[in-house]
Amino acid sequence: MYLIKTIKGDITKVTDVQAIVNAANNSLLGGGGVDGAIHRAAGPKLLAECRTLHGCETGEAKITKAYNLPCSYVIHTVGSIWNGGRDKEEELLANCYFNSMKLAMENGIRTIAFPSISTGVYAFPVELAAKVAVGTVNRFLQDNPDSFDLVEWVLFDAHTEAVYEAEVDKIYE
Ligand code: APR
């Protein structure tokens, strides 16, 4: 049986998962927010490997080593930029979670941590993002029983953590 949980903290510091997910941009060449934090913590070899990947489409996911991070893999995915909900933002965000889980499963990864994809610079409303995130991951786990032991969201602020926690609580009600 798998566990889904939320914690408040810095995703570059979690030690209980094999892979952390990066909220990257289409270039995969680093940026601010969690992307910047992951590249700073991993060191320059992460950028060097990312350069060999030739970018990533929105909603898609690519995997690299984690270098100086305390996990084994980084799965880079590119969230959708919120534009009022008129440009398939929800569907593309759901693709981020589906494709990250699928890529993790294909690599034998059973424990994974996500940030709150798209809710920072990309301005996706946190409440809707949390619904999409938790709903997509939960459906993936139900469709692929015994494929994961732990999926956690590592949230950087108390409000975001409370929103995701409320969504996860609904699963276990
Ligand atoms: N650990 C966990 N979460 C973090 C961390 C961290 N170290 N740093 C920031 N966050 C949180 C933010 O507070 C926000 O809730 O990650 C969430 C996503 O915010 P962003 O990092 O801005 O990501 P996103 O909204 O998907 O925008 C992606 O921002 O950094 C650039 O290169 C990136 O262009 C891309 C865009």
Of the candidates 117, 109, 63, 81, the one satisfying the condition of being in a loop (DSSP other than H, G, I, E, B) and more than 16 Å from the ligand (Cβ to nearest atom) is 109
So which residues in the range 120-164 are without any contact (Cβ under 8 Å) to a residue 24 or more places away in the chain and either within 13 Å of the ligand (Cβ to nearest atom) or among the hydroxyl-bearing types (Ser, Thr, Tyr) (or both), if there are any at all?
162
Evaluation of residue 100 against (1) buried (at least 19 other Cβ atoms within 10 Å of the Cβ); (2) under 20 Å from residue 23 (Cα atoms); (3) touching a helix residue (DSSP H, G or I) at 6+ places or on another chain (Cβ under 7 Å) (one fails), failing number
(3)
Conditions first: (1) surrounded by fewer than 21 Cβ atoms within 10 Å (Cβ to Cβ); (2) in a loop (DSSP other than H, G, I, E, B); (3) touching a residue at least 40 places away in the same chain (Cβ under 8 Å); (4) not polar (S, T, N, Q). Residue 28 passes all but one, so which condition is the exception?
(1)
Considering every residue within the range 6-29, establish whether at least one is more than 26 Å from residue 135 (Cβ to Cβ) and small (Gly, Ala, Ser).
yes
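Considering only the range 1-9, I want to know if a residue exists there that is among the hydroxyl-bearing types (Ser, Thr, Tyr), in contact with a Leu (Cβ under 8 Å, 6 or more places away or on another chain) and touching a residue at least 60 places away in the same chain (Cβ under 8 Å). Step through it out loud before you land on a result.
Going through the range 1-9, the residues among the hydroxyl-bearing types (Ser, Thr, Tyr) turn out to be 2, 6.
Keeping just the survivors that are in contact with a Leu (Cβ under 8 Å, 6 or more places away or on another chain) gives 2, 6.
Now restrict to residues that are touching a residue at least 60 places away in the same chain (Cβ under 8 Å): 2, 6.
The answer is yes; a qualifying residue exists.
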Within the range 40-54, is there a residue that is small (Gly, Ala, Ser) and buried (at least 17 other Cβ atoms within 10 Å of the Cβ)?
yes
Out of the residues in the range 120-145 that are modelled with pLDDT of 95 or more and in a loop (DSSP other than H, G, I, E, B), state the one that is surrounded by the most Cβ atoms within 10 Å (Cβ to Cβ).
124
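A quick yes/no check of all residues on (1) hydrophobic (A, V, I, L, M, F, W, C); (2) within 12 Å of the chain's Cα centre (by Cα):
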| position | (1), (2) |
| --- | --- |
| 122 | no, no |
| 137 | yes, yes |
| 140 | yes, no |
| 155 | yes, yes |
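The values are calculated or read from the model by the stated rules, or taken from the named source; none is laboratory data. Not measured: the values here are computed from a predicted model. Backbone-built Cβ (ideal geometry, glycine too); neighbour counts: all protein chains shown.
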